[in-house]
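The values are calculated or read from the model by the stated rules, or taken from the named source; none is laboratory data. Note that the structure is a prediction, hence the values are computed from the model and not measured. With ideal geometry, Cβ positions are generated from the backbone for all residues, glycine too; neighbour counts draw on all protein chains shown.
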Amino acid sequence: MNVREVARLELPTSYGFFDARAFESSSGFVYLALSVGDLSTGGPVLTRVHSECLTGDSLGSLRCDCGLQLHTALRAIAAGERGVMIYVTGHEGRGVGLINKLRSYVVQDAGADTVDANLHLGLPVDDRKYDDAASVLCALGIDSIRLLSNNPDKAAALSRAGLEVVGLEPLHVAAHNRNINYLQTKRNRLGHLRPLAGEVGSLQFPDPGKLLGSIRSSSRRPYVAVKYAQSVDGRIATAVGDSKWISGEGERAVSHSLRARCDACLVGIGTVLLDDPQLTVRMVPGASPIRVVLDTTLRIPLAASVLEGDAATVILTTARADHKKIEQLRRQGVSVRVLPEGPAGVDMPAALASLRGSGIKSLLVEGGSKVITELLREHLVDRLVVACAPVILGRGVAAVGDLRVARVSQGLSLTNRSVFVLDDDVMLAWDVSNNNSDARGSE
């Protein structure tokens, strides 16, 4: 055996309490085994052999799905009350190391996929070995596993090392626009298992990519997709402001998958005060977007849910905001940007330019009515996603207000239609044909 145990302790985590055992291999790399339950009895052990990824696991990079897979696997193992995670150092960048992985990223940014980028640099496509990981599992008394992985080659390598792999249990997480090409390359060129277009975990729903359309930002502003749920008669809330829940659970899961696909999610202060949303991804395994709030006079409560949690929050306000409150929010770790004021509050083109300037390329707008109306009126929307629920509310809050349209011919034209039926709800999506040719700006 090429590994020796060097430490053992209890490791408390947000997922549960793990028995942590560190092993050192003859190569000098460390293998950390995090286990729960009795591994010596009960048949094949639920197992994740996770390759080290500093950028994904520790820094939350959206270029890969490593961090999401790590956390999803830990949650599954803890929930099952019997299983083990083997965290493998020395596997950074599929075995080529951190520096070479970053060099490969540079080549990918020029247009190559993850396979061709490595080959261009004279690097192996995948240089990982699993013999030592198998030795660690044997040291734990495990000889038969159910492998949490999308990679059949990993299962084959562990089998060759002497383990019985009785099944491959895929780890399906929501894709992000930043890693969708990477995930497609893993599936198409490396043989990884991937879910159907609209499947995440046990959920199946419309492909978020088809709902969002072809995401393409400009130098002036992000790609803007407006999404809302409405009644058959076009209301997003009752006359007293109640909106929970117009649509069904499946449609709300789709909304979370759309959030997971985008860089940022934006609402107006009215939505924050009325609904107190979190704007995070909870109903599917995915990365939460940066949360953006338009708040002209900084009315946001310091205890608002959108300020809590792990996701970052940006508040766009104006010179009318209270300076002491700005400092309070910044001390809470909230980014507050003071922007020019327009006729309806924060100047919308300036807001979008500010977001694009900070690197945001895709923006999902979830309300409220005033924000949606202004964006449409200013020809700043690229994609419209509407969920229509089987309910009639009568008098209430309309999704879209006055667009200053006097003739039908002046209305916004919608093209490239997509229609999906989801339980009792119907989801529709269109590209918005903006009459203002300068709305997007030059690429």
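Given (1) in a helix (DSSP H, G or I); (2) within 28 Å of Val397 (Cβ to Cβ); (3) out of contact with any helix residue (DSSP H, G or I) (no Cβ under 9 Å at 6 or more places or on another chain), identify the lone condition not met by Gln328.
Of the numbered conditions (1) in a helix (DSSP H, G or I); (2) within 28 Å of Val397 (Cβ to Cβ); (3) out of contact with any helix residue (DSSP H, G or I) (no Cβ under 9 Å at 6 or more places or on another chain), the odd one out for Gln328 is (2).
Any residue at all in the stretch 119-132 that is within 29 Å of the chain's Cα centre (by Cα), surrounded by fewer than 20 Cβ atoms within 10 Å (Cβ to Cβ), in a helix (DSSP H, G or I) and β-branched (Val, Ile, Thr)?
No: the stretch 119-132 contains no residue that is within 29 Å of the chain's Cα centre (by Cα), surrounded by fewer than 20 Cβ atoms within 10 Å (Cβ to Cβ), in a helix (DSSP H, G or I) and β-branched (Val, Ile, Thr).
Of the residues in the stretch 117-149, how many are within 24 Å of Val36 (Cα to Cα) and touching a residue at least 60 places away in the same chain (Cβ under 8 Å)?
In the first step, residues of the stretch 117-149 are kept if they are within 24 Å of Val36 (Cα to Cα); the result is 130-149.
If we keep only those that are touching a residue at least 60 places away in the same chain (Cβ under 8 Å) too, we end up with 130-133, 135-142, 144-149.
Here the count works out to 18.
Of all residues in the stretch 36-53, how many are in contact with a Gly (Cβ under 7 Å, 6 or more places away or on another chain) and of a type in the set (Ser, Thr, Tyr)?
Number of matching residues: 2.
Kindly list the number of the only condition in (1) of a type outside the set (Lys, Arg); (2) farther than 23 Å from Val426 by Cα; (3) modelled with pLDDT under 95 that fails for Val281.
(2)
Could you run through the stretch 138-173 and say how many residues are part of a loop (DSSP other than H, G, I, E, B), touching a helix residue (DSSP H, G or I) at 6+ places or on another chain (Cβ under 8 Å) and buried (at least 20 other Cβ atoms within 10 Å of the Cβ)?
Total satisfying the criteria: 6.
Considering only residues that are over 17 Å from Ala311 (Cα atoms) and not in a helix (DSSP H, G or I), which ones fall in the stretch 331-353? Steps first, answer last, please.
Of the stretch 331-353, the ones over 17 Å from Ala311 (Cα atoms) are 337-353.
Of everything in the stretch 331-353, those that are over 17 Å from Ala311 (Cα atoms) and not in a helix (DSSP H, G or I) turn out to be Arg337, Val338, Leu339, Pro340, Glu341, Gly342, Pro343, Ala344, Gly345, Val346, Asp347.
Residues to consider are Ser40, Ser61; find the one that is of a type in the set (S, T, N, Q), part of a loop (DSSP other than H, G, I, E, B), in the same structural domain as Val136 (by TED's automatic domain parsing) and over 17 Å from Val173 (Cα atoms). Give the steps one after another, and end with the answer.
On the way: Ser61 fails: over 17 Å from Val173 (Cα atoms).
Exactly one of Ser40, Ser61 is of a type in the set (S, T, N, Q), part of a loop (DSSP other than H, G, I, E, B), in the same structural domain as Val136 (by TED's automatic domain parsing) and over 17 Å from Val173 (Cα atoms), namely Ser40.
Of all residues in the stretch 152-170, count the ones that are among the polar types (S, T, N, Q) and at pLDDT below 95.
Going residue by residue through the stretch 152-170, those that are among the polar types (S, T, N, Q) are 159.
Add one more test, that the residue is at pLDDT below 95, and what stays is none.
Result for the stretch 152-170: 0.
Within the stretch 228-255, take every residue that is among the charged types (D, E, K, R) and surrounded by fewer than 21 Cβ atoms within 10 Å (Cβ to Cβ) and give me the one that is nearest to the chain's Cα centre (by Cα).
Within the stretch 228-255, the subset among the charged types (D, E, K, R) is 233, 235, 242, 244, 249, 251-252.
Next cut, surrounded by fewer than 21 Cβ atoms within 10 Å (Cβ to Cβ) only: 233, 242, 244, 249, 252.
Numbers: Asp233: 32, Asp242: 28, Lys244: 23, Glu249: 19, Arg252: 15 Å.
Filtering the stretch 228-255 for residues that are among the charged types (D, E, K, R) and surrounded by fewer than 21 Cβ atoms within 10 Å (Cβ to Cβ), the one nearest to the chain's Cα centre (by Cα) comes out as Arg252.
Please work out if Ser35 is among the hydroxyl-bearing types (Ser, Thr, Tyr) and touching a Phe, Trp or Tyr at 6+ places or on another chain (Cβ under 8 Å).
On the way: among the hydroxyl-bearing types (Ser, Thr, Tyr): yes; touching a Phe, Trp or Tyr at 6+ places or on another chain (Cβ under 8 Å): yes.
It is true that Ser35 is among the hydroxyl-bearing types (Ser, Thr, Tyr) and touching a Phe, Trp or Tyr at 6+ places or on another chain (Cβ under 8 Å).
Could you list all residues from the stretch 244-273 that are at pLDDT 90 or above and in a loop (DSSP other than H, G, I, E, B)?
Within the stretch 244-273, Cys262, Asp263 qualify.
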